[in-house]
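Scroll down for the structure; my scribbles are underneath it.
The values are calculated or read from the model by the stated rules, or taken from the named source; none is laboratory data. As the structure is a computational prediction, the values presented were derived from the model and not from experiment. A quick note on method: Cβ atoms are made from the backbone with ideal geometry, for glycine too, and the neighbour counts reach across all protein chains shown. Quick note on the areas: whole protein, heavy atoms, side chains included, nothing else; ligands and nucleic acids left out. Shrake-Rupley method; radii C 1.70, N 1.55, O 1.52, S 1.80 Å.
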Amino acid sequence: MTWLTWRQHRAQLYVGAAVLAALTVVLLITGLQMASQYHSALTACAVNHNCGNLPNTLFLGNHVVGFLVILTIGVPGLLGLFWGAPLVAAELESGTTQFTWTQSITRKRWLAVKTGWVLLAAAAWGGAVSALVTWWSGPNNALQLDAFQANRFDIQGIVPVGYALFAVALGIAAGTLIRRTLPAMAVTLGVFIAVRVVIAQVVRPHYMTAVTTLDSVATGYVPRGSYLQLSQGILGPNGQAISSNTNGPVVDGVPATGAPAACQPLINRGSPGATSCLVAHGYHGFVTYQPASRYWAFQGIETGIFVVLAAALIALTATVLLRRDT
């Protein structure tokens, strides 16, 4: 059965290996150049004792390769489309399962071997791409402190492995239920994108209780490292959020209409004393965020979510396939 699986899917694996090899060459060449440039810049600014402006003056890599790296966010989806969706659907569509299951190979063994090898290959492929991208992004992560942002978090670390397993399992389940390859591919793509968006935009920010920090309206507060900002604004003396949606004068994010009567004339005139007046009346700036120290915890939580979803989809596939009269 393992030999049969290899014979059926070797063309897909050859294509995947060729693409991975090409990506490896491109990222290794440009990644080494970026690392050299970054360390040279660090050495120069250390000698000059002026590294504060480094993120604004140093550009790493090139736009084409950077765009290619961001495009790797679609790798798990492609695995689901071209490896997962046809795995069962193509067999059911062509009727070859009727011959296979009348031989010595049971449905259970057939499904276990085929899904096992394809899921293992997807995890390995997703992990390899992610490892390359994570290594390549190292200088930029240190420079820009943006590894927690959506278009960076989703292509680095261990979460791409979870995405790949989920996408392939989703494709297998869709193919089993729909029994047609092209519709299964369409459903796989739509559901995969929808789940990824919901997790990233709605669920991810709340994996752990966010941290809220108060600071002066005059100075503000910027968390250290690659943090995930959830909200930012101004709090009044009673702890209520102050809206800055106004067409009138605004000082330090506080509109004249939301300031105490004593500060309104200063804000309207743009007086330097407006900030001191707001501070004296108990106005504070706030930032609600997930700190950089939680990055790997968030990676682990999200990977676990998608692995569990993948396991549930495989269980659904097994239940449907083993009970269905084909």
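For this structure, a couple of remarks:
- Under 5 Å from the amide H of Leu230 lie the amide H atoms of Thr288, Tyr289, Gln290, each residue being 5 or more positions distant or on a separate chain, with H modelled from the backbone and absent for Pro and chain starts.
- Calculated mean residue ellipticity, 222 nm, the chain: -20000 deg cm²/dmol, from DSSP H runs (n ≥ 4) at -39500 (n - 2.57) each, averaged per residue and rounded to 500.
- Here the chain exposes an accessible surface that is 64 percent carbon and sulfur, computed with a 1.4 Å probe and the other protein chains kept in place.
- Calculated volume of the Cα convex hull per residue in Å³ (choose from (1) 171; (2) 122; (3) 162), label: (1)
- Each Cα pair under 8 Å and six or more residues apart adds its sequence gap; the mean of these over the residue count of the chain is a relative contact order of 21 percent.
- Counting only protein heavy atoms and a 1.4 Å probe, the chain has 50 square angstrom of accessible area per residue.
- Helix runs (DSSP H) in the chain reaching 24 Å along axis by Cα, Kyte-Doolittle at least 1.0: 159-178, 181-198, 295-323
- Here the dipole of the chain is about 1000 debye; that uses its Cα centre as origin and unit charges on the Cβ of Lys and Arg (positive) and Asp and Glu (negative).
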